[in-house]
Amino acid sequence: MKLTVNGQIVEVSNDPPRLLLAVLREELGLMGTKYGCGAGICGTCAVLVDGVAARTCVTPLSAVEGKEIQTVEGLAQRNEEGTIVLHPIQQAFIDHQVPQCGWCMSGQMITAVSLLTENPNPTEDEIVEAMARNYCRCGAYVRIKRAIGDAAQMMNEGGTS
Amino acid sequence: MTSEERKWRISRRGFLLGFGATAVTATTAVAIGTKIGLTDYRKSLARETVLENELPEFEAAPGFWTQPDTWIEITAENEVKFYSPKIEMGQGVLTALGQVAADELSVAWEDMEIVQADTSRGMNDWGGTGGSYSIPTMYPMIREAAATLRALLLQEASKQMGIAVDELEAKDTAVIHKTNANQYMTYGELIQFARNWEVPAERPTLKSNDQLTMIGQSIPRMDFEAKLLGETVFGYDVTRPNMLYGAIARPPTIAAKLRSANEGMAMAEPGVQSVIIDGDFIGVVAESRMQAYAALQKLDLEWNEGKLWQQAEIDELVTVGNGLKIVIQEGGDNVNRLLRDDDPDLVAMELRTPLAAHASLEPQAALADVQTDSAEVWMSTQAAFRERDLIAEAIGHDPESIVLYPLYLGGGFGRKLNSGVGTEAARLSQMAGRPVHVGWTRTEDLQNGYFRPPTHHLLRGKVDGNGRIQAIVHETATADVMLGLPSSQMEHFLGIDSGIYRGATILYDVPNLRVTTYKVDLPVKTGPWRGLGLLANIFAVESMIDALAHQAQMDPVAFRLLNLPDSEIGLRLKNVLEAAAEKANWGESLPEGHARGVAISLDVNTVVAEIAEVSEENGRIRVHKMVAAVDPGKVVSPDGVIAQVEGAIMMGLSATFFEEIRIKDGRIAATNFGQYPLLTMKEAPDVEVVLLESGDTPYGIGEPPLGPVAAAVGNAYFALTGKRITQLPIFNQNG
């Protein structure tokens, strides 16, 4: 079956039937999406499926046939000179020195992008509600919230993604 | 333990090991023999350990800098590589140590490359990364090593350029003429002459504070871009050519013993390469992780379940009066006389905290590639050398033939000081003949390994008419903390567990006091969890202090200020207490239904005061804000310190409100986060941090800010409702 991952069409087999997380990591070598619980609770496995955050540890491969998947590796772009241009969410996470260990960051950013796509001007409460199911064991919540607010502003001011 | 034993020890390779060894003291104990009574000996050893925990002193012994290039490498292309023996798990240690080296060595930050040292590249760091001692131990050593190198570079430049040393200065990875910047030589040019260098016998002169340009600055973390791009390779992510995946059969109960094992139908399962049965070490190796776990189910295993422990039995064991008793602090002659049960002015309190899991979001993970006479292991570990040596023992190889590469960790918190997964991957690889990756599931991570032990606290105290504490007693029962890590028989026999004592002692000026610890043996493994005994002990002691303040009808901040001693530590504690109170507007009015509570702690010579602001909505406590004032000695990276304070507070709140591992029918009841929820952004309060500094020595910061969290929340709740929280977690899963 075919799916698009970070703009590239890939052909994967669904025999045996597998979870999307295993396919991304073990077969496609995209290790940026992480395993945290395998039960859809912690959020470290989130990717964008047609622009909406989905938890790959509980998403069967068959559910995303023909869909567009964006992982953390697909957030940044390369410009004509080949330099990396960070997504506003990544830039905001660096500006606010958000990460600590970094394991949850992919899921946090993906979930934030999903929120900002649906709601470009979220209130603080709306940010909290949207992010309340993404664990950060290192406890970087204060900075995650701050950075998302900042990224929203950047994206609304026409920051390129 | 004498001051001699606190200094650096020289290993057989002439490099330095960690500080203060219980093993050294234990040998001394044997040498002393039975002349000294065991109880008294334990008591004095324990007190030395308490002192060491609270006021660690680190002094570099002469001779260690004979090989400064252990850590710092200068290339001909004028790049400087710093090899960090301390491992990055989110605490920012790579960046912090790198900036210390760059500053003292006068390296431009963009010329600096910071890499993780592996076990083939000195220095043997048996203690591992943790204990809040990475910066305190490495800071003086790195500065001396860098200063030595700088002196040698200046000397060589002087020789090569024919200019006197005092007319030259080291700056931006080069040695330049002070008055003519066009005359210079880069470090890359100078390093070619290094083989002629002789390290001087005298210690080098370190830069003075006004010469420092990076130490004390918030330099952006060097690992963030890669982490945010999803490029960083953690232990769970590592791949090697021709690799397989391994899964280990776990015992069904905590007391289970294997009765019989055979392959069953496992070998017939898709993707399975081999089934390994070696005593009670049983595993499957397969093409994919999913296939390995699926095949585990097809093994034919029979277990004796053993005793089916229940939580009530665990609680009964962890009760003051049980187990090995050591008095770790005492003073005055009137403790018992002043604290009588029939005294109406007696304040008494009983508190409990539960078993807790580390729950780093990256579970245990390692990849091992074992060859006939060599092995390579890539791993998420906090203790590369310990793991290497355990692996060597398990596979019967010489430790020196194994290279262990510690990778970035997705959280450690003390659990990865002895992960176990490195040995599992190595044994599987040895038998399978290919590289094998083992990555635990969340269920395995919650149920295997060691936990933060439960605690039980009994406190009694009394104040006089002037608000002075007359007497106080703290008794606490718990299980192994530091002794939960591999320790010698002698260490177990002596039972001195430095982890248990963290935060247990009384910081106040009290004429009559006694602190007694009890250590019991539990059927589940316990060990170090961030802060060790700190969170629980401060919860107990500072709740008690709060109750005494209430008895004295005094404001909790004023009461503490009155009762803290005028010692150096006492003054530092008063400073952070006053700073936190000022920042939190202590004493000023709050919105209706809000209240504040305060708590202080001392740990690894870092003093912390925290003030929580809480309310109660629909019977549920909510923390709106935490204000923390911290004095960690000298600050290397202000933002790095603040991030650690923020993070430790969140972890402390998670433990305060949610975290509890329970035993049911002989099993760990939690199978995933559904039964072991963590704090989320929803419960996260605003956090404000005031940074104070004292002196020229940096102390630790990874753990100290955890200390006051539970007590500050409990004390705020008391101020709000008059009800005393005496059991954690507050949101008890079982009602």
What is the calculated FRET efficiency for B:Arg622 to B:Ser567, with r their C-beta to C-beta distance and R₀ = 51 Å, to the nearest 0.05? 0.85
Nearest-0.05 FRET efficiency for B:Asp278 and B:Leu308 at R0 = 22 Å, using Cβ-Cβ distance, is 0.20
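Tell me: how much accessible area in total is hidden between A and B, 1.4 Å probe, Å², nearest 100? Could you put the intermediate results ahead of the total?
Working: alone 8640 and 29500 Å², together 33930 Å².
The A and B chains share an interface burying roughly 4200 Å².
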When chain A is modelled as a GNM with alpha-carbon springs shorter than 10 Å, which of A:Cys57, A:Cys42, A:Cys101 fluctuates the most? A:Cys101
Listing of region B:72-98 residues, each with accessible area lower by at least 30 Å² in the full protein assembly than in the chain alone (probe 1.4 Å): B:Gly90
Low-density loop cleavage sites - GluC sites (Glu not before Pro) in region B:209-267, where at most 15 other Cβ are within 10 Å (DSSP): B:Glu231
Additional length obtainable on full extension of the chain from B:Ala558 to B:Thr213, 0.36 nm per residue less Cα span: 120.3 nm
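With charges only on Cβ, +1 for K and R and -1 for D and E, what is the dipole size of chain B about its Cα centre, in debye, rounded to 20?
Details: 64 positive and 97 negative charges, 295 e Å.
Approximately 1420 debye in magnitude.
Skip the ligands, DNA and RNA, and give the accessible area per residue of region A:72-134 with a 1.4 Å probe, whole Å².
Details: 2530 Å² over 63 residues.
Per residue, region A:72-134 has an accessible area of 40 Å².
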Could you please state how large a percent of the accessible area of chain A is carbon and sulfur, counting protein chains only and using a 1.4 Å probe? 49 percent
From the square roots a ≥ b ≥ c of the eigenvalues of the alpha-carbon gyration tensor of chain B, which class results: rounded (a/c under 1.5), prolate (a/b over b/c), or oblate? oblate
Compute the relative contact order of chain B as a whole-number percentage, counting only Cα pairs closer than 8 Å that sit 6 or more residues apart in sequence. 14 percent
Using the Cα centre of region B:511-571 as origin and beta-carbon charges of +1 (Lys, Arg) and -1 (Asp, Glu), tell me which of B:Phe539, B:Ile569, B:Phe559 is placed farthest towards the positive end of the dipole. B:Phe539
By how many degrees, between 0 and 90 and to the nearest 10, does the Cα long axis of helix A:105-118 differ from the longest principal axis of chain A? 80 degrees
Highest mean first, what order results for B:331-338, B:620-627 on Cβ atoms within 10 Å? B:620-627, B:331-338
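Just to confirm the filter: which GluC sites (Glu not before Pro) across region B:127-223 are DSSP coil and have at most 16 other Cβ within 10 angstrom of their Cβ? It would help to have the intermediate numbers written out before the result.
Working: sites: B:Glu144, B:Glu156, B:Glu167, B:Glu169, B:Glu189, B:Glu198, B:Glu202; in loops: B:Glu198, B:Glu202.
In loop regions of region B:127-223 (DSSP not H, G, I, E or B), the sparsely surrounded GluC sites (Glu not before Pro) are B:Glu198, B:Glu202.
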Global geometry of region B:207-321, whether rounded, prolate or oblate, following the gyration tensor of its Cα atoms and the 1.5 cut on a/c: oblate
For region B:115-184, state which chymotrypsin sites (Phe, Trp or Tyr not before Pro) are in a DSSP loop and have at most 16 other beta carbons lying within 10 Å of their beta carbon. B:Trp126
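Leaving ligands, DNA and RNA out of it, report the carbon-plus-sulfur percent of the accessible area of region B:362-437 at a 1.4 Å probe.
Working: 870 of 1940 Å².
Of the solvent-accessible surface of region B:362-437, carbon and sulfur hold 45 percent.
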Please give the FRET efficiency for A:Ala63 paired with B:Asp521, using the beta carbon to beta carbon distance and R0 = 45 Å, rounded to the nearest 0.05. 0.35
Test assert for region B:281-324: residues whose accessible surface shrinks by at least 40 Å² between chain alone and all chains, 1.4 Å probe, equal B:Met290
Whole-Å distance, taken between Cα centres, linking region B:556-627 and region A:1-53: 46 Å
Spin-label model distance (nm) - B:Glu316 vs B:Gln371, 7 Å beyond Cα toward Cβ: 5.7 nm
Take B:Gln160 and B:Ser488, extend 7 Å from each Cα along the Cα→Cβ direction, and tell me the distance between the two endpoints in nm. 4.8 nm
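So what is the accessible area of region B:226-302 per residue, in Å², with the probe set to 1.4 Å? Kindly include the intermediate steps, with their values, before the conclusion.
Details: 3360 Å² over 77 residues.
Heavy-atom SASA per residue in region B:226-302 reads 44 Å².
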From the phi of every residue in region B:310-320, what ³J(HN,Hα) in whole Hz does the Karplus formula 6.51 cos²θ - 1.76 cosθ + 1.60 yield, where θ is phi - 60° and glycine or proline is x? 10, 4, 4, 6, 4, 4, 5, 5, 7, 9, 3
Which value in nm describes the separation of the simple spin-label points at A:Glu126 and B:Glu287, placed 7 Å from the Cα toward the beta carbon? 4.8 nm
Compute accessible area for region A:134-151 by itself and then with all protein chains, 1.4 Å probe, and report residues whose area falls by 20 Å² or more. A:Tyr135, A:Arg137, A:Cys138, A:Gly139, A:Tyr141, A:Val142, A:Arg143, A:Lys145
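Is the protein assembly as shown best put as rounded, prolate or oblate by its Cα gyration tensor, with a ≥ b ≥ c the root eigenvalues, rounded for a/c under 1.5, and otherwise prolate when a/b is larger than b/c, oblate when not? Intermediate results must be reported in sequence, preceding the final value.
On the way: a/c = 1.29, a/b = 1.10, b/c = 1.18.
It is rounded, given that a/c, with a ≥ b ≥ c, falls under 1.5.
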About its Cα centre, how strong a charge dipole does region B:189-340 have in debye, to the nearest 20, once Lys and Arg get +1 and Asp and Glu get -1 at the Cβ? 300 debye
Output the relative contact order of region B:431-495, whole-number percent, from Cα pairs under 8 angstrom with separation of 6+ residues. 25 percent
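Counting each DSSP H run of 4 or more residues in chain B as -39500 (n - 2.57), what helix-only mean residue ellipticity at 222 nm follows after dividing by all residues, to the nearest 500 deg cm²/dmol?
Numbers: 20 runs with 217 residues, N = 735.
Mean residue ellipticity, 222 nm, calculated: -9000 deg cm²/dmol.
Provide a whole-number value for the mean count of partner chain Cβ atoms within 10 Å of the Cβ atoms in peptide B:217-227.
That average works out to 4.
The values are calculated or read from the model by the stated rules, or taken from the named source; none is laboratory data. Keep in mind that this is a model prediction, so the values were computed, not measured. Methodologically, a virtual Cβ is constructed for each residue, glycine included, from the backbone with ideal geometry; neighbour enumeration extends over all protein chains shown. Quick note on the areas: whole protein, heavy atoms, side chains included, nothing else; ligands and nucleic acids left out. Shrake-Rupley method; radii C 1.70, N 1.55, O 1.52, S 1.80 Å.
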